[in-house]
Each structure stands twice: as structure tokens, then as C-alpha cells.
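The values are calculated or read from the model by the stated rules, or taken from the named source; none is laboratory data. This is a predicted model, so every value here is computed, not measured. Positions of Cβ are backbone-derived with ideal geometry, glycine not excepted, and every protein chain shown enters the neighbour counts.
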Amino acid sequence: MTYDSENIFAKILRGEIPCNKVYEDDFALAFHDINPQAPVHILVIPKGDYVSMADFTASAPADLIVGFFRAVGHVAREQELEQPGYRILGNAGDDAHQEVPHLHIHIFGGKKLGPMLMR
Ligand code: AMP
């Protein structure tokens with residue numbers, strides 16, 4: 001799938017629309033989901049034009065891949081989710097109902113999250 005540079009997360013990365021920022025570094029931006037599905041619901045996105053995990057891991061430079069995953073872990077620690085626990089989730093493509101075609105990891109926490117698949 002070709003990257004659509006007008007997707008909403010691309011606009012957030014360019015500062016064209018605001019977000020409720022949690023963390024940012026050279027590789028990633030984390031912000032609160034606008035429609036939270038748990039008491040803590042944060043999205044982490046890489047700073048680069050990648051649609052999916054398959055796209056990202058095939059095409060991104062190694063420092064960006066490492067930096068992105070470090071950022072996910074950093075946010076989980078910083079939000080004090082290591083205990084009692086949290087869930088990370090990534091949707092890719094139609095079957096997973098990916099709405100925004102820019103790679104993002106969801107971090108959920110703040111309550112008992114129940115079975116792995118939410119619905
Ligand atoms: P997905 O189905 O994995 O593509 O999830 C996209 C997520 O982005 C949803 O949970 C939306 O609530 C969230 N979302 C969409 N627009 C925004 C926005 N402007 N700021 C924060 N979160 C957003």
C-alpha cells in the first residue's frame with residue numbers, strides 16, 4: 001500500500017493538527033488516543049512514512065526501528081504500566097480494521113483488560 005501523506009497521523013507529525021502529546025524523540029511520537037478504549041490509551045507512531053509493521057520492518061533504517069520500539073517501552077515505563085500491566089496492539093489492513101494508514105502501536109492500560117481480542 002502506498003503511503004498517503006495526507007493521513008491524520010502524518011498531519012499530526014507535521015504539526016498541522018494538534019495532539020495530546022505524551023512523549024517525543026527523534027524517532028517516535030506518542031499521544032493520547034482521541035477515543036480511548038481504556039483508562040490509558042496511548043498511540044505511538046514512528047517518524048517516517050510507513051503504513052504497517054510489515055512495511056516498516058522491511059524498509060525503515062535500523063536506528064528508526066530500534067528507536068520506535070524503545071519509545072514504546074519508554075512510554076509503558078513512564079506511564080507506570082509495567083506493574084500492574086498493559087497491552088500493546090497494532091492493527092494492519094482491512095481485517096484488523098486499521099483506520100489510519102500510518103503505523104501505530106496502541107498501548108492500553110489502567111484496568112483489567114480481559115481476553116486478548118476485545119471483540
Ligand atoms: P486503528 O484502527 O488501529 O487504525 O486506530 C486508529 C486510532 O486512531 C483510533 O483508536 C482513533 O481513535 C485514533 N485517532 C484518530 N484520529 C486521532 C487523532 N486526531 N488524535 C488521536 N487519536 C486519533
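What to note about this one:
- Within segment 49-64, the set of residues being of a type in the set (Val, Ile, Thr) and buried (at least 17 other Cβ atoms within 10 Å of the Cβ) comprises just one member, 51.
- Residue in segment 32-60 that is nearest to residue 86 (Cα to Cα), counting only those that are β-branched (Val, Ile, Thr) and not in a strand (DSSP E or B): 34
- Only one of the numbered conditions (1) part of a loop (DSSP other than H, G, I, E, B); (2) without any contact (Cβ under 8 Å) to a residue 12 or more places away in the chain; (3) more than 20 Å from residue 31 (Cβ to Cβ) is not met by residue 80, and that is (3).
- Candidates 66, 40, 22 - the one that is away from the ligand (no atom under 14 Å from the Cβ) and either out of contact with any Phe, Trp or Tyr (no Cβ under 9 Å at 6 or more places or on another chain) or at pLDDT 95 or above (or both): 66
- In segment 19-33, the residues that are more than 15 Å from residue 63 (Cα to Cα) form Cβ pairs under 7 Å with partners that are β-branched (Val, Ile, Thr) and more than 14 Å from the ligand (Cβ to nearest atom), at six or more places apart or across chains, as follows: 22/75; 23/75; 30/75.
- Among residues of segment 100-119, those that are in a loop (DSSP other than H, G, I, E, B), away from the ligand (no atom under 12 Å from the Cβ) and under 16 Å from residue 34 (Cα atoms), counted: 0
- Segment 99-119, residues that are closer than 10 Å to residue 89 by Cα, at pLDDT 95 or above and out of contact with any helix residue (DSSP H, G or I) (no Cβ under 8 Å at 6 or more places or on another chain): 106, 108
- Test result for residue 43, under 19 Å from residue 13 (Cα atoms), touching a His at 6+ places or on another chain (Cβ under 6 Å) and among the hydrophobic types (A, V, I, L, M, F, W, C): yes
- Near pairs, Cβ below 6 angstrom, 6+ apart or cross-chain, from segment 4-17 (within 13 Å of residue 51 (Cβ to Cβ)) to any residue that is assigned to a loop (DSSP other than H, G, I, E, B): 4/101; 7/100; 7/101; 7/102; 9/100; 9/102; 10/102
- Some residue of segment 74-85 being in contact with a Cys (Cβ under 7 Å, 6 or more places away or on another chain) and either among the hydroxyl-bearing types (Ser, Thr, Tyr) or surrounded by 13 or more Cβ atoms within 10 Å (Cβ to Cβ) (or both): no
- Selected residue (criterion: surrounded by the fewest Cβ atoms within 10 Å (Cβ to Cβ)) from residues of segment 1-19 that are at pLDDT 95 or above and of a type in the set (A, V, I, L, M): 17
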